[in-house]
1. What tally of residues in segment A:133-145 results from selecting those that are within 8 Å of chain B (Cβ to nearest Cβ) and assigned to a helix (DSSP H, G or I)?
2. Return the residues of segment A:68-111 that are open to solvent by 40 Å² or more (accessible area, probe 1.4 Å), part of a helix (DSSP H, G or I), over 15 Å from residue B:16 (Cβ atoms) and facing chain B (nearest Cβ under 9 Å); say none if nothing qualifies.
3. How many residues, within segment A:37-79, are farther than 14 Å from residue A:130 by Cα and hydrophobic (A, V, I, L, M, F, W, C)?
4. Out of segment B:112-132, which residues are part of a loop (DSSP other than H, G, I, E, B) and more than 7 Å from chain A (Cβ to nearest Cβ)?
5. With the condition kept exactly as written, say whether any residue in segment B:39-54 is assigned to a helix (DSSP H, G or I) and touching a residue at least 60 places away in the same chain (Cβ under 8 Å).
6. Hey, can you tell me all the residues within segment A:62-92 that are in contact with a strand residue (DSSP E or B) (Cβ under 7 Å, 6 or more places away or on another chain) and touching a residue at least 12 places away in the same chain (Cβ under 8 Å)?
7. Please enumerate the residues belonging to segment B:35-66 that are among the basic types (Lys, Arg) and more than 23 Å from residue B:3 (Cβ to Cβ).
8. Being out of contact with any His (no Cβ under 7 Å at 6 or more places or on another chain), modelled with pLDDT of 95 or more and within 11 Å of DNA strand C (Cβ to nearest atom) narrows it down to one residue among A:2, A:27; which is it?
Protein chains: 2
Amino acid sequence: MSISSRFAVGIHILTLLEVNKDEVNSSEFIAASVNTNPVVIRKIMGMLKKAELVNVRPGVAGAELARKLDEITLLDVYKAVEAVPENELFSVHGNPNPQCTVGRNIQAAVLPIFAGAQAVMEKALAHVTIEDIVQSIEEQDKQIE
Amino acid sequence: MSISSRFAVGIHILTLLEVNKDEVNSSEFIAASVNTNPVVIRKIMGMLKKAELVNVRPGVAGAELARKLDEITLLDVYKAVEAVPENELFSVHGNPNPQCTVGRNIQAAVLPIFAGAQAVMEKALAHVTIEDIVQSIEEQDKQIE
DNA sequence: CTACATGTAACTAAATTAATTACAAGATAA
DNA sequence: TTATCTTGTAATTAATTTAGTTACATGTAG
């Protein structure tokens, strides 16, 4: 299956908090930009808050980034919103037959390869920050007219 | 969500076809090694066949590899079993608000990054062949005793 | 023809996702 | 304090996917 769109929405939210930092970023306002329900935003925001990427307070309208733009990587967001369960990008079938050569060794053979593939993917995400996204978006928007 | 375990099972199957190549590899036999239902194996086998990785014939017991060991990469298997839908590892929320700077640019900003992360992951899989897995398994099995 | 294997359709239970309703609890201004 | 708005969160829903299972049609070989 695909990685949850919570990841893309999380990036959207953080980017919006910066681009729209002079206004009040309520969950309703953000939901209008993402085009979803405010509760969905609040749920994701809760995860971003738990990861200390944003500041939100109960009862107080609006949220802010909790770190500098260039200190939030896409990997931070990816982990924060649990884009993938228990850090396992690949799933492996359980209980292969231990009486079979392949069965009793397949997991040990495959796990390090999966871990490696996951690692290079995560490293790619770690090299991009919200600042990069903000720049990219402002650059693109100029050219739209 | 995690990538379907069909991927790990597909690797298991192909490896078993090699390690057990002197015997008849029926779906029932393979299912016993994977520890699942023979129909699950036949379904995955159908996908591997469509990708021309194995030879199977209706009514005839047993399957064989359709290529040399070192000409089947894990990426081939990954694609064959559709470990991920429509080649999209990451999903992106649809219809963000075009009246918002972030809304109308977020997809264009995020897609190339997602594509890059997916590409490096797939490249890691492309560097490993079934031959590597077979070797790794036989190596490990010696040390079990 | 018989016996057995593959190919497939159909159904199931479980898990996850995203959306939604409803409401409790916190904060602020009048 | 009260009224109002917001966040936090529980509960429900429909849709999708997964892995497993039953049932059976089709193909092959002896």
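1. Of segment A:133-145, the ones within 8 Å of chain B (Cβ to nearest Cβ) are A:133, A:136-138, A:140-141, A:144.
Narrowing the set further to residues that are assigned to a helix (DSSP H, G or I) leaves A:133, A:136-138, A:140-141.
So the answer is 6.
2. Hits for segment A:68-111 are A:85, A:86, A:108.
3. Filtering segment A:37-79 down to residues farther than 14 Å from residue A:130 by Cα leaves A:37-47, A:49-52, A:55-63, A:79.
In the following step, the residues that additionally are hydrophobic (A, V, I, L, M, F, W, C) were identified as A:39-41, A:44-45, A:47, A:51, A:56, A:60-61, A:63.
Total meeting the criteria: 11.
4. Kept after step one, since they are part of a loop (DSSP other than H, G, I, E, B), are these residues of segment B:112-132: B:127-128.
Scanning segment B:112-132 gives a single hit, B:127.
5. There is no residue in segment B:39-54 that is assigned to a helix (DSSP H, G or I) and touching a residue at least 60 places away in the same chain (Cβ under 8 Å).
6. Within segment A:62-92, the subset in contact with a strand residue (DSSP E or B) (Cβ under 7 Å, 6 or more places away or on another chain) is A:63-66, A:69-70, A:72-73, A:83-84, A:89-91.
Matches in segment A:62-92: A:63, A:64, A:65, A:66, A:69, A:70, A:72, A:73, A:83, A:84, A:89, A:90.
7. Kept after step one, since they are among the basic types (Lys, Arg), are these residues of segment B:35-66: B:42-43, B:49-50, B:57.
Scanning segment B:35-66 gives a single hit, B:57.
8. Values: A:2 fails: modelled with pLDDT of 95 or more.
After applying the criteria, what remains is A:27.
The values are calculated or read from the model by the stated rules, or taken from the named source; none is laboratory data. Remember, predicted model here, so these are calculated numbers, not experimental data. So basically every Cβ, Gly included, is an ideal-geometry build from the backbone, and we count neighbours across all protein chains shown. Ligands, DNA and RNA are stripped out before the accessible areas are found, and what is left, the full protein with its side chains, is counted by its heavy atoms. Shrake-Rupley method; radii C 1.70, N 1.55, O 1.52, S 1.80 Å.
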